[in-house]
Amino acid sequence: EAPAGTQATAWRVGSLKVTGDSFIITGDLTNPAAVPLRSRIKALTIGEVTSAKPNQDTPFEISMQPEKYTAFQIKGVARPLAEPVYLDAKGALEGLGLPRLNGYIANDLGHKFLGGQLDNRFDVKIEDNTLTMGNALELLNPQAEAIEGKDGPPLATAIALLEDRDGYVKIDVPIQGKLDDPNFRVLAALNPVIMKAVAGT
């Protein structure tokens, strides 16, 4: 931050590209039960970022490998210096083991996964501090059990009703909420969608 009465020095990053043996570690510091993911970066490219144009769209593309047989890609534009931050992107997660999610979902679903695999094709937008996200989830051979003392939807019933002959459960999960709302939880959106799917079936 520049001293009072002086002008801050403008800066610019023309582009950023990461290759080679690099990793990104993601986790939830507010949830000690969540196991951080250490993802190998396959490709990461970020376009121009400049302090002179904080509202300028910055294109980016990221491809990572969270696990040996898992792939994650996301591509879109962001405004990392804007207030509030802006993001508009699409992506896919393929082949993630469902037990890896237990630390993130147990409190919201009241269940933990014992096995199975997750694929998700998604679009995500953050604008005016509001998150809007569409998720096309595919769960392959999901196995879950209720956690004693936790409330949640009838997940075992939902799996039995929604699983097709190939072992897939396919469900769309739209999410929308204010990021500055302390009561907004992304995964809480699963509960009403599961209940509606079970009722509809």
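The values are calculated or read from the model by the stated rules, or taken from the named source; none is laboratory data. Bear in mind that the values here come from a model prediction, so they are computed numbers and not experimental data. We place every Cβ from the backbone using ideal geometry, glycine too, and count neighbours over all the protein chains shown. When the accessible area is computed, the model is the full protein with side chains, heavy atoms only, and any ligands, DNA or RNA have been set aside. Shrake-Rupley method; radii C 1.70, N 1.55, O 1.52, S 1.80 Å.
Return the FRET efficiency for the residue pair Glu148, Phe184: r is the Cβ-Cβ distance, R0 is 25 Å, and the value is rounded to the nearest 0.05.
The pair Glu148/Phe184 has a calculated efficiency of 0.35.
With a 10 Å cut-off between alpha carbons and a GNM built on the chain, which of Arg40, Arg185, Arg165 moves the most?
Ranking Arg40, Arg185, Arg165 by mean-square fluctuation puts Arg165 first.
How many lysine pairs are close in the chain, with Cα atoms under 17 Å apart and the two 8 or more places apart or on different chains?
10
Please report, in debye to the nearest 20, how large the charge dipole of the chain is about its Cα centre when each Lys and Arg carries +1 at its beta carbon and each Asp and Glu carries -1 there.
About 420 debye.
Once the other residues with Cβ under 9 Å from the Cβ of Lys170 are scored (Lys, Arg +1; Asp, Glu -1), what is the net sum?
-3
Please give me the summed charge of the neighbours of Leu161: other residues whose Cβ is under 14 Å from its Cβ, Lys and Arg +1, Asp and Glu -1.
+1
Arranged from highest to lowest average of other beta-carbon atoms within 10 Å per residue, in what order do the peptides 99-105, 124-130 appear?
Per-residue Cβ counts within 10 Å, averaged per peptide and sorted highest first, yield 99-105, 124-130.
Any idea of the accessible area per residue across the chain, 1.4 Å probe, to the nearest Å²?
62
If I take R0 = 41 Å and measure r between the Cβ atoms of Asp164 and Glu67 in this structure, what FRET efficiency does the formula 1/(1 + (r/R0)^6) give, to the nearest 0.05?
That gives a FRET efficiency of 0.95.
Considering only protein heavy atoms and a probe of 1.4 Å, how much of the accessible area of the stretch 97-166 is carbon and sulfur, as a whole percent?
Carbon with sulfur: 46 percent of the solvent-accessible area.
First select every other residue whose beta carbon is under 15 angstrom from the beta carbon of Leu140; then total the charges, Lys and Arg +1, Asp and Glu -1.
-3
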